[in-house]
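Down below is the structure, laid out as structure tokens.
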Amino acid sequence: MDTGAKSVGLRRASASAAGFCYEEAFSRNLGWLTAAEQQVLRGKKIAIAGMGGVGGSHLLTLTRLGIGAFSIADFDTFELANLNRQAGASMASLGKPKAETMAKMAREINPTLKLAIFHEGIDETNLDAFLSGVDVYVDSLDFFVLDLRQKLFARCHDLGIPVVIAGPIGMGTGYLVFVPGGMTFEQYFRLEGLSPERQRVNFALGLTPRAFQRSYLVDPSRIDLKGMRGPSTGIACELCAGVAAAEVVKLLLKRGRVRAAPWYHQFDAYSAKWKRGWLPGGNRNPIQRLKLAIAYRLSERLSRDAIPSPRVPKTDMEAILDAARWAPSGDNIQPWRFETVTEDRLIVHIKGTGDVYDYRDGEPTLLAAGFLLETLRVAASGRKRWMYWNYLGRQDGVHRISVELPRGPQVVADELLPFLPIRSVDRGAYRSAPLTGDQKRLLTEALGPGFSIEWHETLGERWRQARLNAAATDIRLRIPEAYAVHRKILDWERNFSPTGIPSTAIGLDPLARRLSGWLMRNWRRVDRANRLMGTSIARLEMDLIPGLFCAGHFSVRAREDEAKRDGPQFLIEAGQALQRFWLTAARLGLRMQPSLAPLCFAIYGRDRAPFTCDDGILKQAHRLAERMKDELGAAGPRVVFRGRVGVPASAAVSARSTRRELEELLVPGERAEPEAPDLRATGTYGRSP
Ligand SMILES: Cc1cc2nc3c(=O)[nH]c(=O)nc-3n(C[C@H](O)[C@H](O)[C@H](O)COP(=O)(O)O)c2cc1C
């Protein structure tokens, strides 16, 4: 066969056909196919562009159907991220060309296959060669390759070649057939004249007008049509191959009804839903236009919320710092900046906010510093490095901590490592199933010997803790000092906020959230609303309901001897212990919400500190201090942390704080000290595994 393009390699069956017998190999198709039909399929040729996600499965399924010849094309090679779904992806095929790998797999099924392999992919120059002698084209180009797809479909239309396209969407498939003389790709999808992002929306919604997959999209931050990123499952790829092959059977054998576009088909295995619909006008259909208008907005929102693709780190230090960014901090302020000194050493600068929540001269900030150091330690273990730290002191309100990351071949990756980016605060209601004895033991052990934990689990105890939280909410919503902080940190635009807390993640229902957004535009509105309506909706939704619906609340205290060691060193170590606690909770499938506001205002109340200009509130804080004393025995060893824990009601991550990019957290290294102290010699080093 003369294909007329140099990228074409036509390989006749080179694999040994010894022992192979076509009739025997495909005899189990008979019954659903007649023996004569099987021979018809043997004489057919199918083109498949793209040997990745769905193309590899198409090739294998159609080969097993007994198709005798293929044109296949792909210029790409297999990589790790293909393993979840691509038929040819395996540890053995990493780095190998997709087209060649799939050709080999297909020939191992049918050594007599005739294959035209387009190793360098297809473009305008070799489309005709690719489609030469082809009976059906099965589309499996990458979702985002729309320009070439348009050309390929148009050429098939001109040449009278039917096309089957099955898109792997969610855990299902949306599929269409285009036949000669029928509706064209462009008439159905209507891509001409649209921006690339809108073209992608049109394409997705044309494939799945019912969008069944929306009901189980648990992490929307993974979809970014603008940035050309989207999730895809092996489940969907296999379903695509099955439904497309069934359409191919009908087209090639000219039996069974083929419903060509504007008919669409959608099958979703997860939600067990099937729909075959007729969409006259395709995307120009009035109902579809309405859906598109909504989908454009949704797509913009998703792109805004998308978490950037993970960076490929150039050095161990970069990889460790990138992972350490996921440490939690109060209000997601990320008070740290990293000054790298050498490949093994850095200085962490920690600057508190000095706002009303940063009680006792910045205690939450120092706890957050501990959270960061523990995160650094866990991240370093993934790169076979120890971690030692040394508190250097405070200057102009900035704490400086020296961190060493020496290599250690014997270091094993900490089992908490995968949970660094997964751990996240959950401010919603949880299931009220109590924690098991094992879970409590593992959580307590995670804190280490310096700290003890008290559980508040009965209905009465949960109610009393929830009321303490509500009392603190009443205070913070009524003072301008806290209002200033809320204005700064609440993100009303995004569901995934790198610089603050999304308003959708604070636990309010959509109506109350909208009302709060409007009120919070200025303090006078908030103040007036508080006087008129009080703070009961916020207290109910943010404290009382979630406070009741959880496994339990907890208070973490320093043991007596540890409590005596006051100061930054102690608080940083407490933060380290608490991060192990929180990461362990994540590993156990639990969610957590810290609740430090009651502690904060009780401390102000006890010390009669003038934290607000409102005298009435000062008295309220004093009463809260008395109540805290009754509940937590504040006269005893110090409570350093409190919160609630439980099994999440839903697995969905629909809103959360993310993090600033690493570049924003780096400081130039001019201030680095010339001599690094030997931290291990000082004895003030952080735990190592
Ligand atoms: C020291 C500290 C205090 C915190 N206090 C509270 C709190 O009182 N209430 C709350 O809802 N979240 C609290 N958080 C959770 C942070 O707001 C949250 O960790 C941060 O926004 C980052 O989000 P992420 O945990 O989802 O990554 C606290 C976190 C830390 C480290």
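The values are calculated or read from the model by the stated rules, or taken from the named source; none is laboratory data. The structure displayed is predicted, hence computed values, not measured ones. All Cβ positions, glycine included, derive from the backbone under ideal geometry; neighbour counts span all protein chains shown. Heads up: the accessible areas ignore ligands, DNA and RNA and are worked out on the full protein's heavy atoms, side chains in. Shrake-Rupley method; radii C 1.70, N 1.55, O 1.52, S 1.80 Å.
Which shape class applies to the stretch 525-668: rounded if a/c is under 1.5, otherwise prolate when a/b exceeds b/c and oblate if not, where a ≥ b ≥ c are the square roots of the Cα gyration tensor eigenvalues? Working shown, then result.
Numbers: a/c = 1.40, a/b = 1.12, b/c = 1.25.
Rounded shape, in that the Cα axes give a/c under 1.5.
So for the stretch 396-516, taking the charge dipole from beta-carbon charges (+1 Lys/Arg, -1 Asp/Glu), which of Leu490, Pro421, Phe451 sits furthest toward the positive end?
It is Leu490, whose Cα lies furthest towards the positive end.
How much accessible area per residue does the stretch 352-406 have, counting only protein heavy atoms and a probe of 1.4 Å, in square angstrom? Display every interim value, and only then the final one.
On the way: 1600 Å² over 55 residues.
Result: 29 Å² per residue.
For the chain, what is the relative contact order in percent, using Cα pairs closer than 8 Å and at least 6 residues apart in sequence?
Answer for the chain is 13 percent.
Just the ratio, please: alpha-carbon radius of gyration of the stretch 13-103 over 2.2 N^0.38 Å, N its number of residues.
1.20
What does the accessible area of Trp389 come to, in Å² to the nearest 10, when a probe of 1.4 Å is used?
That residue has around 0 Å² of solvent-accessible surface.
Starting from the residue with the highest accessible area, list Ile48, Ile294, Ile333 in decreasing order, probe 1.4 Å.
Ile294, Ile333, Ile48
Pop a pseudo-label 7 angstrom from the Cα along the beta-carbon direction at both Ala81 and Phe20 and give the gap in nm to one decimal.
3.5
Measure out, as a whole number of angstrom, how far apart the alpha-carbon centroids of the stretch 390-406 and the stretch 408-461 sit.
28
Just grab the label-to-label distance for Arg284 and Met228, each label 7 Å out from Cα along the Cβ direction, in nm (one decimal).
Inter-label distance under the simple model: 2.9 nm.
Could you give the size of the charge dipole of the chain about its Cα centre, using +1 on the Cβ of each K and R and -1 on the Cβ of each D and E, expressed in debye and rounded to the nearest 20?
On the way: 96 positive and 76 negative charges, 422 e Å.
That gives the chain a dipole magnitude of about 2020 debye.
Given the protein chains as shown and a 1.4 Å probe, how many square angstrom of Lys291 are accessible, to the nearest 10?
Roughly 70 Å² of Lys291 is accessible to a 1.4 Å probe.
Could you let me know the centre-to-centre spacing of the stretch 15-90 and the stretch 542-609, using Cα atoms, in angstrom?
59
Treat the chain as a sphere of radius equal to its Kirkwood radius over Cα pairs and apply Stokes-Einstein at 25 °C in a medium of 0.890 mPa s; give the translational diffusion coefficient in µm²/s, rounded to a whole number.
Result for D is 85 µm²/s.
Using a simple charge model, +1 on the beta-carbon of Lys and Arg, -1 on the beta-carbon of Asp and Glu, nothing else, what dipole does the stretch 413-540 show about its Cα centre, in debye to the nearest 20?
Around 940 debye, computed over the stretch 413-540.
What distance in nm lies between label points placed 7 Å from Cα along the C-beta direction at Ser271 and Ala512?
So the label points at Ser271 and Ala512 sit 2.8 nm apart.
Quick one: check the C-alpha center-to-center distance for the stretch 189-235 versus the stretch 472-503, whole angstrom.
After rounding, the separation between the Cα centres reads 32 Å.
Of Pro480, Leu217, Thr184, which is farthest towards the positive pole of the chain's charge dipole, taken about the Cα centre with +1 and -1 on the beta-carbons of Lys, Arg and Asp, Glu respectively?
My answer, from the dipole projection, is Thr184.
Tabulate in residue order the Karplus-calculated ³J(HN,Hα) for the stretch 18-23, using 6.51 cos²θ - 1.76 cosθ + 1.60 with θ = phi - 60°, rounded to whole Hz; enter x for Gly and Pro.
For the stretch 18-23, the Karplus-derived couplings read 4, x, 8, 9, 3, 4 Hz, x marking Gly and Pro.
Once the Cα atoms of helix 147-159 and of the chain are each reduced to a long axis, what angle between those two axes, in degrees from 0 to 90 to the nearest 10, is obtained?
20
Per residue, how many Å² of accessible area does the stretch 31-156 show with a 1.4 Å probe?
That works out to 38 Å² per residue.
Below 8 Å, C-alpha to C-alpha, sequence gap of six or more: please give me the relative contact order for the stretch 488-635 in percent.
11
Per-residue ellipticity at 222 nm for the chain, helices alone: DSSP H runs ≥ 4 residues times -39500 (n - 2.57), over residue total, nearest 500 deg cm²/dmol?
Mean residue ellipticity, 222 nm, calculated: -12000 deg cm²/dmol.
Treat every Asp and Glu Cβ in the stretch 303-364 as -1 and every Lys and Arg Cβ as +1, leave all other atoms uncharged, and give the resulting dipole magnitude about the Cα centre to the nearest 20 debye.
200
Under 1.5 on a/c is rounded, so check that first for the stretch 349-486, then, if it is not, pick prolate when a/b is larger than b/c and oblate when it is not; a ≥ b ≥ c are the square roots of the alpha carbon gyration tensor eigenvalues.
Working: a/c = 2.44, a/b = 1.22, b/c = 2.00.
In terms of gyration-tensor shape, oblate.
List the pairs from Lys384/Lys440; Lys44/Lys226; Lys45/Lys254; Lys351/Lys564; Lys44/Lys104 whose alpha-carbon separation is above 27 Å, in the order I gave them. List each step's numbers first, then the result.
Values: Lys384/Lys440 30 Å; Lys44/Lys226 39 Å; Lys45/Lys254 15 Å; Lys351/Lys564 25 Å; Lys44/Lys104 20 Å.
Violating the 27 Å limit, Cα to Cα: Lys384/Lys440; Lys44/Lys226.
Accessible area per residue, 1.4 Å probe, Å², for the stretch 444-545: what's the number?
With all protein chains present, the stretch 444-545 gives 50 Å² per residue.
Tell me the net charge near Gly517. Cut-off is 12 Å between Cβ atoms, Gly517 excluded, with +1 for each Lys or Arg and -1 for each Asp or Glu.
Neighbour charge sum, excluding Gly517 itself: +3.
Taking H placed 1.01 Å from N in the peptide plane, check which residues at least 5 places from Trp263 or on another chain put their amide H under 5 Å from its amide H.
Those qualifying (amide H under 5 Å, at least 5 residues apart or on another chain) are Leu279.
Tally up the carbon and sulfur contribution to the accessible surface of the stretch 601-652 as a whole percent, 1.4 Å probe, everything protein left in place.
On the stretch 601-652, the fraction of accessible area on carbon and sulfur atoms equals 55 percent.
Among bridges DSSP assigns within the chain, what percent are antiparallel (round to 5)?
In the chain, DSSP labels about 70 percent of beta bridges as antiparallel.
Using +1 at the Cβ of each Lys and Arg and -1 at the Cβ of each Asp and Glu in the chain, identify which of Gly352, Ser555, Ala369 lies farthest towards the dipole's positive end.
Going by the Cα projections, it comes out as Ser555.
Averaged over all directions, how much area does the convex hull of the C-alpha atoms of the stretch 80-179 cover when projected, in nm²?
On the way: hull surface 30.0 nm².
Convex hull of Cα atoms, orientation-averaged projection: 7.5 nm².
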